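Each remark here refers to the structure printed beneath this line.
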Amino acid sequence: MIRIPPPSAVRSSEITPEGLYRNRRRFLAEMGIGAVGLLTAGYTQAKDVPASADGLPLSIAKKSERAGGETPTPFDTVSTYNNYYEFGTNKDDPAQNAGTLKTRPWTVAISGECEAPGMLDLDALLKPHAIEERIYRHRCVEAWSIVVPWAGVPLADVLKRFKPTSKAKYVAFQTIYDKAQMPQAKWSGIELPYVEGLRIDEAMHPLAFLSVGMYGKTMPNQNGAPLRLTIPWKYGFKSIKSIVGIRFVEAMPPTTWNKLQASEYGFFSNVNPEVQHPRWSQKSERRLGELFKRPTLMFNGYPEVASLYSGMDLRKFY
Ligand SMILES: Nc1nc2c(c(=O)[nH]1)N[C@H]1C(S)=C(S)[C@@H](COP(=O)(O)O)O[C@H]1N2
Ligand SMILES: [Mo]
């Protein structure tokens, strides 16, 4: 049977040169117009982002607003302008490609310096915890930022259940790496699997969050389904997606961007307008959807974390 698609089924990416399409999508996303319509006659409505998410409603036990009263960035922007290099390096690639990630069943390996290591199914990992919503600012090192209502659980509550020993000075996290589900990964330019880490006191800080959803629904794949970190006072790359491994360790663990270019990406990577990056100024940033830049705040505007770093030279430990 030959199926002739109606004209509306043709994706705009198929009828415009790829570069132009990407640029327009990127421009629309940055302007906060997201993936919604607006494309001129002859093009389909740009609702062509494949459904790469369950998008199931979550039952949220409590809500807190931790973004200075700012309105969240539109969902369509946050779910179509992403960094998830395993699914491509353009901002609109993850939304197009991450649908191949199978997020159920999902097992997380808890290992290392703890009394109760184990392999846990996602549901078992989450079961004892009530899901909260936290509206956080999120700032990428590339000088763009968003405000997102994440749904998840405090990272400390989960970690404590495994009873880390006194040797657990750091926590290392690992993303799933499956070439079959991530065919674009071979062009990522980074060493995979993606790995990240936090000092144990950072991981235990009440702001550190393990997110399973956003905007009241389960996480879209492109945003790191089924679970990811959201560490609001650090640059976005610390917020590792699609976690399959959590390991308590004694020594500072390797981290993906630090391995690639240590002079540009430190282990701590706290948002700091006083420490510059060779390609993006860290003094200011643009909220996606806004025209004008705004100053970047120390610790991304979360001064309550400063005590974690007392006595440390944050220029040296960037
Ligand atoms: N596994 C993995 N995690 C990742 C990344 C990635 O490429 N792979 N990108 C990071 C970067 S640079 C940012 S800014 C955030 C983006 O999260 P968002 O797409 O939900 O906004 O994810 C972080 N986590
Ligand atoms: Mo980022």
Q. Taking THR230 and the conditions (1) within 16 Å of ligand 2 (Cβ to nearest atom); (2) of a type in the set (Ser, Thr, Tyr); (3) more than 19 Å from the chain's Cα centre (by Cα), which numbered condition does it fall short on, given that it satisfies the others?
A. (3)
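Taking the options THR107, THR89, name whichever one is within 16 Å of ligand 2 (Cβ to nearest atom) and β-branched (Val, Ile, Thr). Step through it out loud before you land on a result.
Numbers: THR107 fails: within 16 Å of ligand 2 (Cβ to nearest atom).
Of the residues listed, the single one that is within 16 Å of ligand 2 (Cβ to nearest atom) and β-branched (Val, Ile, Thr) is THR89.
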Q: Quick one: PHE299 ticks every box in (1) surrounded by fewer than 19 Cβ atoms within 10 Å (Cβ to Cβ); (2) not in a loop (DSSP other than H, G, I, E, B) except a single one, so which number is it?
A: (1)
Q: Within segment 269-290, track down each residue that is under 18 Å from ILE231 (Cβ atoms) and surrounded by 19 or more Cβ atoms within 10 Å (Cβ to Cβ).
A: SER269, ASN270, VAL271, ASN272, GLU285
Q: Please specify each residue of segment 238-253 satisfying the condition of being surrounded by fewer than 20 Cβ atoms within 10 Å (Cβ to Cβ) and either under 15 Å from the mean Cα position of the chain (by Cα) or within 14 Å of ligand 1 (Cβ to nearest atom) (or both).
A: VAL244, GLY245
Q: Scan segment 194-211 for residues that are open to solvent by 10 Å² or more (accessible area, probe 1.4 Å) and not aromatic (Phe, Trp, Tyr) and report the count.
A: 7
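Within segment 99-108, does at least one residue satisfy the condition of being more than 16 Å from ligand 1 (Cβ to nearest atom), closer than 27 Å to TRP257 by Cα and surrounded by fewer than 17 Cβ atoms within 10 Å (Cβ to Cβ)? Can you show your working first?
As a first pass, look at segment 99-108 and keep what is more than 16 Å from ligand 1 (Cβ to nearest atom): 104-105, 107.
Keeping just the survivors that are closer than 27 Å to TRP257 by Cα gives 107.
Okay, now just the ones that are also surrounded by fewer than 17 Cβ atoms within 10 Å (Cβ to Cβ), so 107.
Yes, the conditions are met somewhere in segment 99-108.
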**Q.** Residues that are assigned to a strand (DSSP E or B) and at pLDDT 95 or above, drawn from segment 50-84
**A.** LYS62, LYS63, SER64, GLU65, ARG66
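What about LEU260, is it away from ligand 2 (no atom under 12 Å from the Cβ), open to solvent by 60 Å² or more (accessible area, probe 1.4 Å) and at pLDDT 95 or above?
Yes, satisfied.
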Q. Name the residues in segment 149-183 that are within 15 Å of ligand 1 (Cβ to nearest atom), out of contact with any strand residue (DSSP E or B) (no Cβ under 6 Å at 6 or more places or on another chain) and open to solvent by less than 20 Å² (accessible area, probe 1.4 Å), would you?
A. THR175, MET182
Q) Taking interchain pairs and intrachain pairs at least six residues apart, which have beta carbon atoms under 8 angstrom, with the first residue in segment 120-148 and more than 30 Å from ARG287 (Cβ to Cβ) and open to solvent by less than 30 Å² (accessible area, probe 1.4 Å) and the second away from ligand 2 (no atom under 13 Å from the Cβ) and polar (S, T, N, Q)? A) LEU120/THR107; LEU122/THR107
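The values are calculated or read from the model by the stated rules, or taken from the named source; none is laboratory data. Source: prediction; values computed, not measured. All Cβ positions, even for glycine, are placed from backbone atoms using ideal geometry, and neighbour counts span all protein chains on display. Heavy atoms of the whole protein, side chains included, go into the accessibility calculation; ligands, DNA and RNA do not. Shrake-Rupley method; radii C 1.70, N 1.55, O 1.52, S 1.80 Å.
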